[in-house]
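Asker: My structure is below; once you've seen it, I'll send some questions.
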Amino acid sequence: MKQVIKISLCEMAFELEQDAFSALNAYLEQAKTRLRASPDQGEVVADLERSIAEKLAALTANQPAPVCRDRVVAILQEVGAVEPGDIERLTASPEPTPKKRQLYRLKQKQHIAGVCAGLAEYADLEVNMVRFIFLALTGLTGGVFAVVYIVMMFIVPVADASVELKGAAGEPRKSTVTSPFVPVMGAPPPMKG
């Protein structure tokens, strides 16, 4: 005859066989031990107990007999193990998404066509350094990079609006509308918003 132990989890009563109670007790004690350095230990353990209680309640609603060890172990596996880093992983802010950058030619900083200025903005480098690298590579390759520069003059689009300038820097593009029109004398100013 197996010994039955009555327990209370989250103000719900359950009957567990001795070995099932031992498995549950060991799991909760291990969780408390692993989380002892965490300021949220009490809250996390209470959440674990609540989750286990809900699963036990669903199980015992169909089966009034004492819960065996195999069922408790299956519930504990479903709840999952508690590791010390779990709280930090769960509460940490998500990794920032990398900025999506778009390559543009920048007329504001151009010397010839704005290709080096666009590359510098795209790579987050100093524009004079990019110009120096481009000139050095042009000299070292016998003018091949001069041809690359000319090709890029025709392929890479020009960034005129502030939205495109933000895209070159990888900043999020907002739906701000900037009017390219110059107001005519006496005409009402364009509406904003």
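Nothing in this text is a laboratory measurement; each read-out follows from the coordinates by a stated rule. Note that the coordinates shown come from a computational prediction; the quantities given were computed from them, not determined experimentally. We place every Cβ from the backbone using ideal geometry, glycine too, and count neighbours over all the protein chains shown.
Asker: Length gain on complete extension for the stretch residue 51 to residue 33, per 0.36 nm per residue less the alpha carbon to alpha carbon distance?
Answerer: Separation in residues times 0.36 nm, less the Cα-Cα distance, equals 4.6 nm.
Asker: Remind me, what semi-axes does segment 36-75 give for its equivalent ellipsoid, largest first in whole Å, using sqrt of 5 times each Cα gyration tensor eigenvalue?
Answerer: Square roots of five times the eigenvalues give 26, 11, 6 Å.
Asker: Let me ask something additional. Just to compare against my own numbers: the Cα pair-distance distribution for segment 4-91, 5 Å bins, whole % per bin, please.
Answerer: P(r) over segment 4-91, rounded to whole percents: 3, 14, 26, 25, 15, 10, 5, 1.
Asker: Taking 7 Å along the Cα-to-C-beta vector as the label spot, tell me the residue 25-residue 136 distance in nanometres, rounded to one decimal.
Answerer: 7.2
Asker: Continuing with this model, one more query. How high is the FRET efficiency between residue 58 and residue 2 when r is their beta carbon distance and R₀ equals 25 Å, given to the nearest 0.05?
Answerer: Using R0 = 25 Å, I get an efficiency of 0.65.
Asker: So what's the net charge close to residue 74: Lys and Arg +1, Asp and Glu -1, counting the other residues with Cβ under 15 Å from its Cβ?
Answerer: Local charge sum for residue 74: -2.
Asker: What does the charge add up to near residue 20, with Lys and Arg as +1, Asp and Glu as -1, over the other residues with Cβ less than 10 Å from its Cβ?
Answerer: -1
Asker: Order 138-147, 44-53, 109-118, 28-37 from most to least packed using the mean count of other Cβ atoms within 10 Å.
Answerer: Sorting 138-147, 44-53, 109-118, 28-37 by mean packing, highest first, produces 109-118, 44-53, 28-37, 138-147.
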